[in-house]
1. Go through (1) outside the structural domain of residue A:335 (by TED's automatic domain parsing); (2) in contact with a Pro (Cβ under 6 Å, 6 or more places away or on another chain) for residue A:152 and report which single condition fails.
2. From (1) in a loop (DSSP other than H, G, I, E, B); (2) touching a helix residue (DSSP H, G or I) at 6+ places or on another chain (Cβ under 7 Å); (3) surrounded by 13 or more Cβ atoms within 10 Å (Cβ to Cβ), pick out the condition that doesn't hold for residue A:217.
3. Just checking: which of the strands (runs of 3 or more DSSP E) contained wholly in the range A:264-362 hold 3 or more residues that are over 29 Å from the mean Cα position of the chain (by Cα) and touching a residue at least 24 places away in the same chain (Cβ under 8 Å)?
4. Of all residues being part of a helix (DSSP H, G or I) and aromatic (Phe, Trp, Tyr) in the range B:282-305, which is nearest to the other protein chains (Cβ to nearest Cβ)? Just the residue, please.
5. Mind checking which residues of the range B:244-253 are in a helix (DSSP H, G or I), more than 9 Å from chain A (Cβ to nearest Cβ) and surrounded by fewer than 23 Cβ atoms within 10 Å (Cβ to Cβ)?
6. Can you tell me how many residues within the range B:206-231 are at pLDDT below 80 and part of a helix (DSSP H, G or I)?
7. State all residues of the range A:265-282 that are buried (at least 17 other Cβ atoms within 10 Å of the Cβ) and not hydrophobic (A, V, I, L, M, F, W, C); if no residue qualifies, say none.
8. Taking residue B:230 and the conditions (1) under 16 Å from the mean Cα position of the chain (by Cα); (2) buried (at least 24 other Cβ atoms within 10 Å of the Cβ); (3) small (Gly, Ala, Ser); (4) more than 7 Å from chain A (Cβ to nearest Cβ), which numbered condition does it fall short on, given that it satisfies the others?
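The values are calculated or read from the model by the stated rules, or taken from the named source; none is laboratory data. Computed from a predicted model, the values in this text were never measured in an experiment. Here the Cβ is made from the backbone with ideal geometry for all residues, glycine too, and neighbour counts use every protein chain on show.
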Amino acid sequence: MASATAAGTGPSPEGPPVPVAPKSRRSVTGTRRTVAALFLLPALVLLGALVVYPIGYSLIRSFYDQSGDAFAGFDNYEALFTDDGIRTALKNNVVWVVFAPTVATALGLIFAVLTERVRWGTAFKLVVFMPMAISMLAAGIIFRLVYDQDPDKGVANAVWVGVHDTFAESSAFPKAHPGRQSPLEPAGGGAFVTKQPVALGETVVLPLVGVAPDRMPDGAKQAAPAEPEDGRITGTTWQDFTRGKGSGTPGGVDSTELGYPGMRIEAVKDGEVVASATAAGDGTFTLPAEADGALLRLPADNFKEPYNGLDWLGPSLVTPAVIGSYVWMWAGFAMVLIAAGLAGVPRELLEAARVDGASEWQVFRRVTVPLLAPVLAVVVVTLMINVLKVFDLVFIIAPGSSQDDANVLALELYRKGFASDQPGIASAIAVFLLLLVIPVMWFNVRRLRREVRR
Amino acid sequence: MTTDAEPLATTAPPAPERTARAKQSLGSRLAEAASGGLVRVFLMVVGLFWLVPTIGLLLSSLRPSQDVAASGWWEVFTKPSQLTFESYGELLKNGDITSSLLNTVAITVPATVLVVVVGALAGYAFAWMDFPGRDWWFLAVVGLLVVPVQVALIPVAELFGKIGLFGSVVGVILFHVGFGLPFAVFLLRNFFAEIPRELLEAARLDGAGELRLFARVVMPLGGPAIASLGIFQFLWVWNDMLVALIFSDSGSQPITVALQTQMRQFGNNIDVLAPGAFISMVIPLAVFFAFQRQFVSGVMAGAVK
C-alpha cells in the first residue's frame with residue numbers, strides 16, 4: 001500500500017496515484033509475443049532467481065534441521081518462541097515497531113506543520129531530511145560517538161551531565177575518607193562523624209585523605225590550624241597527606257597540606273543538626289555556641305561520586321538509544337511526506353475554522369490531523385515495514401557487550417544464518433518476517449489491481 | 001507519475017490570514033507573535049539537535065587521534081589549532097580503504113545502470129505490449145515490493161556458492177539488481193503508461209522497430225522517472241552494508257563493510273572510522289543536494305523499500 005499511496009501525495013493529490021493507461025492498450029506496435037518475452041526476460045529471470053526462488057527455498061529450508069538433511073517439522077518455528085536470543089529479539093522488535101514509527105511520524109507531523117510558519121522552513125527541512133541520504137553505517141558511527149559513555153567525549157552525556165549538574169550540586173571530594181588514627185569514623189551512608197563530642201573553645205581537627213591532587217578544588221589553599229575562640233568551636237578540615245612524605249604528622253596540620261574549601265560540617269546532637277558551617281580555603285571553619293557538646297559530622301553530600309551520565313549503550317538503554325538514532329534518520333522522511341500531504345489540504349478549511357474562533361491547537365487537532373489521516377497511515381505503515389528489517393543500526397551502534405540486549409530479528413537471522421551456522425532457524429525467522437509483511441503485500445496488489453483494470 | 005513530486009522547497013501558500021487578523025484583538029495578536037517566536041526558537045533548537053551528531057563526526061575526523069582519545073570534539077571551538085587533515089591523509093594511504101572505495105563505485109554504478117535498463121525494458125513491455133496475463137504478471141512483480149532482503153540472504157548465498165559468484169563484485173551487483181527491480185518496474189511501468197499513445201504510433205508509422213522505439217522515444221520521455229529511480233537506487237546501493245557484508249569478500253568489499261570490520265576496536269580507531277564514514281557520506285550527500293527533487297520523489301514512490 002505504502003508505495004502506491006505515498007506516490008499519490010504529490011503536488012496534485014487529486015490526480016490518480018497510479019496513472020491509468022489508455023483504454024485500449026493493445027500493443028501500438030502490434031508486437032509479436034516473442035518480442036514481449038525478450039523485453040521481459042531479463043527482469044523475470046533476475047526476479048525469479050533472486051527474489052521468488054529464495055522465498056520458496058526459505059520456506060522449505062525452515063522445515064529442515066541444521067544440516068538440512070532431516071525433516072524437522074515445526075521445530076525451527078518452535079525455537080522462535082523458546083530460544084532466549086530470539087525471544088529477546090522478538091520483544092525488542094515489538095518495542096521497535098510500536099515506538100520508532102510513531103515517534104518519527106509524530107515528529108514529522110510537528111515539523112511539517114511548524115515549518116509552514118517560518119521563512120527558513122526549507123532550510124530546516126533540508127537539515128532534518130539529510131540523514132536519509134547517508135548510510136546506516138555512517139549514522140551508526142555518528143551515534144556511537146554521540147553515545148560515548150565518557151561525558152568528556154560523548155555529546156549526549158556531556159549535555160545530560162551538564163543539565164544534571166545545574167540542578168544537583170556536584171561534590172568536590174569524591175574519594176575522601178579518614179586516614180588511620182583519625183578522630184573521625186564512618187557514620188553510614190557515606191558520611192563521617194567525630195568519635196568524641198566537641199566543647200566550646202576547643203579547636204577541632206577533621207583530617208581526611210584520598211583526594212587525588214589533580215581533583216582538589218581550585219580554591220584550596222595551604223591548610224591552617226584554627227585559632228581557638230571563646231564561646232565558639234573552631235576547627236580545620238584538610239587533606240592530611242604530604243606527597244612523598246606519607247601523611248606528614250598524622251592528625252597535624254602541616255605546611256605542605258591543603259585545606260578542603262567548601263566542605264560542609266554539621267554539628268549533630270541526638271540526631272538533630274543544631275549548627276552547620278562551611279570550610280574556608282585554608283580548611284578552617286567556625287561553629288556557634290549551639291554546637292557545644294555535639295558530634296561533628298561531614299555529611300555524605302561532600303563525598304558523592306561525580307555524576308557520570310547515563311550508560312546509553314548499556315543493557316537497559318541500548319534499544320531506546322538505537323531507536324533514537326533511527327528517528328534521527330527517518331523523521332525527515334515522515335516530515336516530507338506529511339508536508340506534501342499538507343500542501344494539498346485546502347487552506348479555506350483551516351481559515352474557516354480560524355474565523356469561527358478555533359485556536360491554532362483546535363485547528364491542528366480537529367481539522368489538519370483528520371485531513372492528513374491517510375498520509376499519516378501511509379507513513380506509519382511504511383516505517384513499520386522498514387523497522388521490521390532494521391539491522392545495520394543495531395549491528396553498528398550496540399557494542400558487543402550489549403548486542404544480545406539490543407537484538408532484533410533481522411540481526412538474529414544474520415547471526416543464526418551466518419555466524420552460528422543454523423540455516424534452519426534463520427530460514428524460519430525469514431519466513432516469519434515475510435509473513436508479517438504479507439498483509440501489506442496483499443493490500444498493494446489489491447489496490448493496484450483495481451487501477452490496472454480500470 | 002511521481003516524478004514531479006514535492007521537492008523539499010515546497011512551502012504551502014501563506015495562509016490568507018489577513019481577513020481573520022483584522023478581527024483579532026490586540027491581545028490575541030500579541031499571543032500569536034509570542035507563539036511565532038516560540039515556534040522559531042523550537043525549530044532552531046531542533047535543527048541544531050539534528051545537525052550536532054553530524055558536526056561531531058566531521059570535527060572528530062579533523063582532530064589528531066590523541067586529542068580524540070583525550071577530549072570531546074567541541075574542544076576545537078576553544079582550540080581551533082587542533083584541526084588537521086592528518087587522519088584523511090593517513091586514511092588515503094590505507095590500501096584497504098582506498099580499494100574498498102573503488103569497490104563501492106564498481107558495485108554501485110553497474111547496479112544502478114542495470115536496474116534502470118532491465119526495469120525499463122520490463123516496464124515498457126508491461127505498459128505497451130500485449131501478451132497473455134500481462135496485468136497479472138505486473139501485479140506479481142508489485143507484490144514483491146515489500147519482500148524483505150533478509151529472506152533471500154541464505155538461499156542466494158547458497159546459489160552464488162554453487163555458481164561461483166560468492167565473494168565477487170558481480171554477485172553483490174546482481175543481488176541489488178534483483179531487489180531493486182520490483183520498484184523499478186512498478187515506477188517505470190506507471191510512468192511509461194502515461195506517454196501519449198499518438199507519440200508511439202507516430203514513431204511506429206515512421207518505421208521504427210520495437211527496440212528503436214524503446215531507445216529513441218520511450219527512454220527519453222521517461223527521463224524524470226528514470227532520474228528518480230536512478231538516484232534512489234544509487235543511494236540505496238552505495239549505502240548498503242548488509243548485502244555486501246554477506247556476498248562480498250575482503251577483496252570485493254565496499255567501504256561500508258571495510259569500516260564495519262573496524263567497529264570491533266571502536267574507541268581506538270576513531271581516526272580511521274570518522275574520516276572513513278565522512279568520505280563514504282560525501283558522494284551520497286552531494287547527490288542528495290544536487291538532485292533533491294528527484295530524490296524526494298524517489299523516496300516518496302519507494303517508501304516501502
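1. That leaves (2) as the condition not met.
2. Unmet for residue A:217, out of (1) in a loop (DSSP other than H, G, I, E, B); (2) touching a helix residue (DSSP H, G or I) at 6+ places or on another chain (Cβ under 7 Å); (3) surrounded by 13 or more Cβ atoms within 10 Å (Cβ to Cβ): (2).
3. Numbers: elements: A:264-269, A:272-278, A:284-287, A:295-298.
Here the list reads A:264-269, A:284-287, A:295-298.
4. Filtering the range B:282-305 down to residues part of a helix (DSSP H, G or I) leaves B:282-290, B:292-301.
Imposing the further condition that a residue be aromatic (Phe, Trp, Tyr) reduces the set to B:288-289, B:295.
Working: B:288: 4, B:289: 8, B:295: 7 Å.
If we take residues in the range B:282-305 being part of a helix (DSSP H, G or I) and aromatic (Phe, Trp, Tyr), then B:288 is nearest to the other protein chains (Cβ to nearest Cβ).
5. The first filter runs over the range B:244-253 and keeps only residues in a helix (DSSP H, G or I), leaving B:244-247.
The next check asks that each one be more than 9 Å from chain A (Cβ to nearest Cβ); those that pass are B:244, B:247.
Result: no residue meets the conditions.
6. Going through the range B:206-231 one residue at a time, the tally reaches 1.
7. A:266, A:276, A:281, A:282
8. Failing condition for residue B:230: (2).
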